[in-house]
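Beneath this line is the structure, given in structure tokens, with notes to follow.
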Amino acid sequence: MKSYKVSHKTKLFDFNLREIYLFRSLVYHLVKRDFISLYKQTVLGPLWYIIKPIVASLVFTVFFGNFAGIPTDGIPKFIFYLSGTVVWGYFTMVLSKTCSVFVSNSTLFSKVYFPRIILPISQALVSYLQFLIQLIIFIGFYLYFNVYLQTDNLNPNILFIIFVLPINFIMLGIFSVSLGILSSALTTKYRDIIHVLEFSIQLLMFFTTVVYSFNSLSPYMQIVMSFNPISIIIEIFRFSFFGSSSLQVIHILISSSVTFFVLIFGFLLFNKVQHKAIDVI
């Protein structure tokens, strides 16, 4: 393959979307490669997609639901924690994969030219495949609790599921990739950020409504939590299937504003460093 050297001075807003479209076949092959190879050499293979959220939800049920007694708004504890775990799993996978995209692909970047943003995009897409599998698992358990066990407080909002939930999942992808490429741009100069992120992701979960209810927070803390878009994405997800939430328009507006700020800032910074990253690394 022919290699290229970019000699022009990179501008902040010099971002070629058409070039990404021209390399769409590369995106497809990267997604296919990563999805197949992720668990290729494991005994259980793709079953890990199913096992991980179920085991995590069982652990949360025992420790946070039973021992700590954290309320779940009357929702069965397992299905409540599973709803948060599915969303959180996508976010952490995309962030962990994209934050080191320059460091882990430095050899490839130095030999072959292609739009660097393709790698974070491919990571987001392959993670969506995992997310889809886990979403199906969640729906299966949801139907078991709602239809077979006829559990109370499971009141699906059909209009939200059809019209709002797909947009919610797109926002999940946008925020995850945006924060990931922002981190990847910073790691080209500060490698410690990779280790800081690994530690911070674990802590961030406790500042996200994965293991507790948004409704249990005071109005002030709900506003504060809105600055963490993942919390609002989880709450919209739960409202779609459980039908009870104290979520307000202001919470969604704050969350969306933070998401688009991170998107713009992340892409600008990524665009600024992408051509110089190999020299720095």
Would you check if SER104 is modelled with pLDDT under 90, closer than 20 Å to VAL211 by Cβ and surrounded by fewer than 23 Cβ atoms within 10 Å (Cβ to Cβ)?
-> no
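Within region 241-261, restricting attention to residues that are touching a Pro at 6+ places or on another chain (Cβ under 7 Å) and not aliphatic (A, V, I, L, M), which residue is nearest to LEU95 (Cα to Cα)?
That would be THR259.
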Matching residues in region 110-136 (crowded, with 18+ Cβ neighbours inside 10 Å, assigned to a helix (DSSP H, G or I) and not hydroxyl-bearing (Ser, Thr, Tyr)) number 11
Notebook entry, point to check: Is there a residue being at pLDDT below 85 and under 25 Å from ILE174 (Cβ atoms) anywhere in region 55-78?
Noted result: no
Conditions (1) of a type in the set (Ser, Thr, Tyr); (2) under 18 Å from the mean Cα position of the chain (by Cα); (3) at pLDDT below 95 -> TYR81 fails only (3)
In region 53-72, residues that are buried (at least 16 other Cβ atoms within 10 Å of the Cβ) and in a loop (DSSP other than H, G, I, E, B) total 2
Checked ASN146, ASN215, ASN168 against criteria (touching an Asp or Glu at 6+ places or on another chain (Cβ under 6 Å) and either assigned to a helix (DSSP H, G or I) or buried (at least 18 other Cβ atoms within 10 Å of the Cβ) (or both)); the one match is ASN215
Those residues of region 175-212 that are within 28 Å of PHE237 (Cβ to Cβ), β-branched (Val, Ile, Thr) and buried (at least 17 other Cβ atoms within 10 Å of the Cβ) come to a total of 6
Scanning region 240-259 for residues that are modelled with pLDDT of 90 or more, surrounded by 15 or more Cβ atoms within 10 Å (Cβ to Cβ) and not aliphatic (A, V, I, L, M) gives SER240, PHE241, PHE242, HIS251, SER255, SER256, THR259
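The values are calculated or read from the model by the stated rules, or taken from the named source; none is laboratory data. Quantities reported herein were computed from a predicted structural model and do not represent experimental measurements. All Cβ positions, even for glycine, are placed from backbone atoms using ideal geometry, and neighbour counts span all protein chains on display.
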